[in-house]
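The values are calculated or read from the model by the stated rules, or taken from the named source; none is laboratory data. Since we're looking at a predicted model, the values are computed, not measured. Cβ atoms come from the backbone with ideal geometry, glycine included; neighbour counts cover every protein chain shown.
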Amino acid sequence: MARFNVEGCPERTGFTTNLSLGGVFVHTRHVYKPDTVIRVELASGNSKITLRAVVVWAKVVPAQLAHLFPCGMGLRFIDPGMDWREFYENWRGRPLAVARAR
């Protein structure tokens, strides 16, 4: 699940799919225009992380067709940092790769 908003606007919720280190698709009927910078909070189990993201694309479909066509927005994370990488790797169930000094 994701919670998201633009500063000064009500918080919205959506479901996440296609999660990667670089971005995510948020399935929602409350989309923002491309190039809008938003705050998005992702949760997995007891862990939460808040990131800044930019809307890359957005698609709204009529309510009657929402069960047939994806409605939502593709987000690209802005400077997510190591906290995000740790969250992502834990979500994926894979430990972080640790570089060894030689």
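Return the total of residues in the stretch 67-81 being assigned to a loop (DSSP other than H, G, I, E, B) and out of contact with any His (no Cβ under 9 Å at 6 or more places or on another chain).
6
Tell me yes or no: at least one residue of the stretch 56-64 is within 12 Å of the chain's Cα centre (by Cα), buried (at least 16 other Cβ atoms within 10 Å of the Cβ) and not small (G, A, S).
Within the stretch 56-64 (the criterion being within 12 Å of the chain's Cα centre (by Cα), buried (at least 16 other Cβ atoms within 10 Å of the Cβ) and not small (G, A, S)), the answer is no, since none of the residues qualifies.
In the stretch 1-12, which residue that is exposed (fewer than 14 other Cβ atoms within 10 Å of the Cβ) and at pLDDT below 90 is farthest from the chain's Cα centre (by Cα)?
Ranking the qualifying residues of the stretch 1-12, first place goes to G8.
Given S44, S20, which one is modelled with pLDDT of 90 or more, of a type in the set (G, A, S) and at negative phi?
S20
What are the residue pairs meeting all of these: first residue in the stretch 71-90, first residue without any contact (Cβ under 8 Å) to a residue 60 or more places away in the chain, second residue assigned to a helix (DSSP H, G or I) and not small (G, A, S), Cβ atoms under 8 Å, and 6 or more apart or on different chains?
Every condition considered, the pairs that remain are F77/W84.
Taking K48 as the residue in question, decide whether it is loosely packed, with under 13 Cβ neighbours inside 10 Å, over 10 Å from the mean Cα position of the chain (by Cα) and closer than 16 Å to M1 by Cβ.
yes
Within the stretch 1-46, how many residues turn out to be in a strand (DSSP E or B) and in contact (Cβ under 8 Å) with a residue 12 or more places away in the chain?
22
Out of the stretch 35-74, which residues are of a type in the set (G, A, S) and over 18 Å from S20 (Cα atoms)?
A63, A66
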